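Take a look at the structure below.
The values are calculated or read from the model by the stated rules, or taken from the named source; none is laboratory data. The shown structure was predicted, so the numbers you read here are calculated from the model rather than taken from an experiment. Positions of Cβ are generated from backbone atoms using ideal geometry, with glycine treated the same way; all protein chains shown enter the neighbour counts. Accessible surface areas use protein heavy atoms only, side chains included; no ligands, DNA or RNA. Shrake-Rupley method; radii C 1.70, N 1.55, O 1.52, S 1.80 Å.
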Amino acid sequence: MAIDIPTGFAPVGAFSGSENFETLAGPFYQRQDTPEGVAVWGFRAGRKHCNPFGVVHGGMLTTFADTLMGSLVFHAIEGAPCATITLTMDFVGAGREGDWIEGRAELLRQGRSVCFLRSELRTGDKLILNASGAWAIIGSR
């Protein structure tokens with residue numbers, strides 16, 4: 001069964017042909033036309049993303065925000081290894097099965113060893129999560 005994806009979004013490249021945690025959590029999609037230092041991703045909330053009441057699980061929203069922001073760091077530091085240091089989630093609304101959940105992440109500051117980011121997750125015009133975090137730059141490739 002095809003998933004209804006908004007125009008302008010394409011599958012995240014890391015999900016092509018490999019099985020990892022993000023593959024199992026997704027599929028995730030990304031906009032290609034975002035400015036440098038910004039990433040916009042989305043996913044269609046399915047049954048597997050929800051609790052028994054049809055509400056998108058907080059763990060799923062956390063996974064999505066962490067993956068979105070971590071990917072932005074990875075690209076900003078040109079593929080050097082990085083890892084989440086801290087991640088803060090403020091759950092302010094709820095997504096439901098069938099909703100398109102869209103996240104927008106922004107790189108706030110990039111130092112030599114740490115990057116700081118923030119993101120918002122929305123369904124339509126409704127804000128459902130604010131997130132912020134820091135990522136360690138572990139080394140060069």
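Just a few scattered comments:
- Under the combined filter of DSSP loop state and at most 14 neighbouring Cβ atoms within 10 Å, region 45-128 retains these trypsin sites (Lys or Arg not before Pro): ARG112.
- Eigenvalues of the alpha-carbon gyration tensor of region 1-80, scaled by 5 and square-rooted, set the equivalent ellipsoid semi-axes at 22, 15, 13 angstrom, largest first.
- Carbon-plus-sulfur accessible fraction, the chain (probe radius 1.4 Å, protein heavy atoms only): 52%.
- Solvent-accessible ranking of SER113, SER119, largest area first, probe 1.4 Å: SER113, SER119
- Exposure here means at most 16 other Cβ atoms within 10 Å; with GluC sites (Glu not before Pro) in a DSSP loop as sites, the longest stretch of the chain lacking them is 98-141.
- Going by accessible surface with a 1.4 Å probe and the largest first, LEU108, LEU61 read LEU108, LEU61.
- The calculated Kirkwood hydrodynamic radius for the chain is 15.3 Å, given to one decimal from all distinct C-alpha pairs.
- Database remark: amide H of GLY98 closer than 5 angstrom to the amide H of ALA45, GLY46 (H placed geometrically; neighbours at sequence offset of 5 or more, or on other chains; Pro and chain starts carry no H).
- The chain, accessible area per residue, ligands and nucleic acids excluded (1.4 Å, Å²): 56 Å²
- For the chain, the mean residue ellipticity at 222 nm estimated from helices alone is -5500 deg cm²/dmol, where every DSSP H run of n ≥ 4 contributes -39500 (n - 2.57) and the total is divided by all residues, rounded to the nearest 500.
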